[in-house]
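First up is the structure itself, then whatever we jot down about it.
The values are calculated or read from the model by the stated rules, or taken from the named source; none is laboratory data. Bear in mind that the values here come from a model prediction, so they are computed numbers and not experimental data. Positions of Cβ are backbone-derived with ideal geometry, glycine not excepted, and every protein chain shown enters the neighbour counts. Protein only, heavy atoms only, side chains kept; ligands, DNA and RNA dropped before computing areas. Shrake-Rupley method; radii C 1.70, N 1.55, O 1.52, S 1.80 Å.
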Amino acid sequence: MKKEKEGSLLLGVVALLAVIIIVALVGILALEPEKIQVQGEAEAAEYRVSGKVPGRVEMYLFEEGEQVRKGDTLVIIYSPEVEAKKDQALAARRMAEAVNDKAKNGAQPEQIEGAYELYQKALAGEEIYRKSYERVQRLFEKGVVSEQKRDEVEAQYKAASATVKAAKSQYDMALSGARSEDKEAARAQVARVDGMLKELAAAEAERYLLSPCDGEVSECFPKVGELVGQGSPVMAILDLTDVWFTFSVREDMLDGFRKGSQIDVRIPALGEDKTFPVVVTYIKAMGTYATWRTTKQNGGYDVRTFDVKCRPVTPIDGLRPGMTALVMEKK
């Protein structure tokens, strides 16, 4: 009977110790800090391909999802306005060249010969009036002719001399060609038209939209045949070598997100048990719309939200923009 009592007592002590141990374990687990999961997503650099020339989409050379290389021709734009301006500029170039050649080559041989004949005629007329003036002057000195007659002959002689000078100027101009100012103006006109042609050549090149980087075509905006304006995006290219993760983190949880620190992220799309090391590169407070407002009148405070960006330490195979990224952070 005594032994039975001792056995019951021992059993009670063991049961009490078991209860105490269980309660202690529950307390330890309850006191352990709760882990909070911070969720973000992967992003990648995206380039919008657009042109300076308005027109219609004539042809896409790559489709969505295809890989492209930097400098590849992606889209061809049809622009009839550029073609029309090019034809106008070519016509103006031919006209400017003709004016320049005329100024450079001078007068035609027939024009030079005609000017020379007029010059010789003027010289012959001057010679006749000079002799007439000399005879009348001698007669005037002898008192044979009146002073009025002498003045009339003298005026005719001076007019003949002026005609000689004018004819000589015309002849010299025909020999030397256009004035230096006219030649310079003709050359400037040619240069101006050449500038127009260079501008149109640049516009012509803008009809062919090139890839700004190696990447993947993520989206084509207008359809073939649709009108696109100047600077309107036509295609988007993703640069999958320039990726990062973006998290929205409350400031009371920022302790684990110091700039330059390395953390591990889990990407469910690439495996539930895999983690990938990333480095925090950017931290910036978000707008007031992302502030957590306190509900307590005393002892509480508003909590700001920060935009945190992290970049992978090494390239992550299979990572795509939009994939969810998770970070486990202590509360």
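For the range 221-264, give me the residue count where each residue is assigned to a strand (DSSP E or B) and surrounded by fewer than 16 Cβ atoms within 10 Å (Cβ to Cβ).
Residues flagged as assigned to a strand (DSSP E or B) and surrounded by fewer than 16 Cβ atoms within 10 Å (Cβ to Cβ) within the range 221-264 amount to 8.
Which condition number does Lys198 fail, the rest of (1) at pLDDT 85 or above; (2) open to solvent by 20 Å² or more (accessible area, probe 1.4 Å) being met?
(1)
If Glu63 satisfies all but one of (1) at pLDDT below 90; (2) not in a strand (DSSP E or B), what's the number of the condition it fails?
So the condition that Glu63 fails would be (1).
Residue pairs, Cβ under 6 Å, 6 or more apart or interchain, first in the range 273-290 and modelled with pLDDT of 90 or more, second among the small types (Gly, Ala, Ser) and not in a strand (DSSP E or B). List them.
Here the result reads Val280/Ser261, each pair linking the range 273-290 to a residue that is among the small types (Gly, Ala, Ser) and not in a strand (DSSP E or B).
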